[in-house]
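K.L.:
Below is one structure. I have some questions about it.
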Amino acid sequence: MRIDVLTLFPEACEPFFSASILQRAQAAGLVEIACTNIRDFARDVHRSVDDKPFGGGPGMVMACGPVFEAVEHVEAQGGGRATRILLTPQGKRFRQADAEELAGHDRLVLICGHYEGFDERIRQGLAPREISIGDYVLSGGEAAAMVVVDAVVRLLPGALGHEDSAGEDSFSNGLLEYPQYTRPREFRGMSVPEVLLSGDHASVAEWRRQQAIERTRRRRPDLLNDNVEECR
Ligand code: 6GU
């Protein structure tokens, strides 16, 4: 898989992509992640990437030229047309199922916005998918791009140390994760549930399933409702 992140702040994204599981996945050849500065495609002497909105109003709008040229530049580097993704609070809210779907694509181009928004012709001309990571406003799409890249890359086969790890995560089965414990058995008067020390794998599995369901019911009943809807 190749992922290009088009941004005005590559220096904000690059350290994140150079750490931990994302670093390992790149070293293992599972994914190539490249950040490209949209400003490199500005044409005027001020290297501007935004302009005042037609019709007036506050703020600045990200202009078409540099964004189109940046997309065309990275797509010309091989692999042809990518799955294009615009990070915007107006997009479809990103969920685990979306990460799973995107993990099946060969080539992603993520476009991070800044300023008050994108010139609408970026949507019209590039026909990107639009993704939001939640119902709040960020000052730019970079943090959202990092979220999407992380959620996708960790699903690539071989990205996690333990191959079953992703399947045990919260959300992968529609439930929050069960409580986990490690040594010591006693810590400041708090003990580990007996069943986990029993060596009885069936009992452990059943306890974990019950805990996951109960935790999801208390904290995120909406997830249980989603499951019911998905089963219909
Ligand atoms: Cl993708 N971008 C911005 N600017 N704000 C957001 C977002 C994206 N997702 C949630 N809030």
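The values are calculated or read from the model by the stated rules, or taken from the named source; none is laboratory data. Quantities reported herein were computed from a predicted structural model and do not represent experimental measurements. Here the Cβ is made from the backbone with ideal geometry for all residues, glycine too, and neighbour counts use every protein chain on show.
K.L.:
Applying the selection to the stretch 130-143, what residues are surrounded by 15 or more Cβ atoms within 10 Å (Cβ to Cβ) and within 17 Å of A97 (Cβ to Cβ)?
P.N.:
Within the stretch 130-143, the first condition is being surrounded by 15 or more Cβ atoms within 10 Å (Cβ to Cβ), and the residues that meet it are 130-133, 138, 140-143.
Hits for the stretch 130-143 are E130, I131, S132, I133.
K.L.:
Being charged (D, E, K, R), within 11 Å of the ligand (Cβ to nearest atom) and within 18 Å of the chain's Cα centre (by Cα) is the filter here, so list the residues in the stretch 115-137 that pass it.
P.N.:
Applying the first criterion (charged (D, E, K, R)) to the stretch 115-137 yields 116, 119-121, 123, 129-130, 135.
Subsequent filtering for residues that are within 11 Å of the ligand (Cβ to nearest atom) retains 116, 130, 135.
Within the stretch 115-137, E130, D135 qualify.
K.L.:
Condition first: hydrophobic (A, V, I, L, M, F, W, C) and touching a Gly at 6+ places or on another chain (Cβ under 9 Å). Now tell me which residues in the stretch 122-146 satisfy that.
P.N.:
Of all residues in the stretch 122-146, those hydrophobic (A, V, I, L, M, F, W, C) come to 122, 126-127, 131, 133, 137-138, 143-146.
Result: I122, I131, I133, A144.
K.L.:
Does R81 satisfy the criteria of being part of a loop (DSSP other than H, G, I, E, B) and without any contact (Cβ under 8 Å) to a residue 40 or more places away in the chain?
P.N.:
On the way: part of a loop (DSSP other than H, G, I, E, B): yes; without any contact (Cβ under 8 Å) to a residue 40 or more places away in the chain: yes.
Answer is yes for this residue.
K.L.:
Within the stretch 138-152, which residues are small (G, A, S), more than 6 Å from the ligand (Cβ to nearest atom) and part of a helix (DSSP H, G or I)? Quick ask: steps written out before the conclusion?
P.N.:
Looking only at the stretch 138-152, we keep the residues that are small (G, A, S), and these are 139-141, 143-145, 151.
Applying the additional criterion that residues be more than 6 Å from the ligand (Cβ to nearest atom) yields 139, 143, 145, 151.
Within the stretch 138-152, A143, A145, A151 meet the criteria.
Let's see how each residue does on (1) surrounded by fewer than 20 Cβ atoms within 10 Å (Cβ to Cβ); (2) modelled with pLDDT of 95 or more; (3) out of contact with any Lys or Arg (no Cβ under 9 Å at 6 or more places or on another chain):
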| site | (1), (2), (3) |
| --- | --- |
| I3 | no, yes, no |
| L6 | no, yes, yes |
| E14 | yes, yes, yes |
| F17 | no, yes, yes |
| A25 | no, yes, no |
| G29 | yes, yes, yes |
| E32 | yes, yes, no |
| V45 | yes, yes, yes |
| V49 | no, yes, no |
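K.L.:
State yes or no: is L156 part of a loop (DSSP other than H, G, I, E, B) and more than 9 Å from the ligand (Cβ to nearest atom)? Explain how you work it out, then say what you get.
P.N.:
Numbers: part of a loop (DSSP other than H, G, I, E, B): yes; more than 9 Å from the ligand (Cβ to nearest atom): yes.
So L156 passes the test.
K.L.:
Among the residues of the stretch 79-114, count how many are within 24 Å of F68 (Cα to Cα) and more than 16 Å from the ligand (Cβ to nearest atom).
P.N.:
Residues in the stretch 79-114 being within 24 Å of F68 (Cα to Cα) and more than 16 Å from the ligand (Cβ to nearest atom): 7 in total.
K.L.:
Under 8 Å by Cβ, and 6 or more places apart or on different chains, what pairs join a residue from the stretch 118-139 that is in the same structural domain as A12 (by TED's automatic domain parsing) with one that is of a type in the set (S, T, Y) and within 12 Å of the ligand (Cβ to nearest atom)?
P.N.:
Taking only residues 6 or more apart or on different chains, the pairs are F118/T88; E130/T88; I131/T88; S132/T88.
K.L.:
Of all residues in the stretch 186-232 being outside any helix (DSSP H, G or I) and within 19 Å of L175 (Cβ to Cβ), which is modelled with the lowest pLDDT? Give the derivation first.
P.N.:
Kept after step one, since they are outside any helix (DSSP H, G or I), are these residues of the stretch 186-232: 186-193, 198-200, 220, 232.
After this cut, where a residue has to be within 19 Å of L175 (Cβ to Cβ) as well, the list is 193, 220, 232.
Numbers: P193: 98, R220: 97, R232: 46.
Among those residues, the one meeting the criterion is R232.
K.L.:
Away from the ligand (no atom under 14 Å from the Cβ), farther than 27 Å from G55 by Cβ and assigned to a strand (DSSP E or B), is that true of V74?
P.N.:
Numbers: away from the ligand (no atom under 14 Å from the Cβ): yes; farther than 27 Å from G55 by Cβ: yes; assigned to a strand (DSSP E or B): no.
Taking the combined requirement at face value, the residue does not satisfy it.
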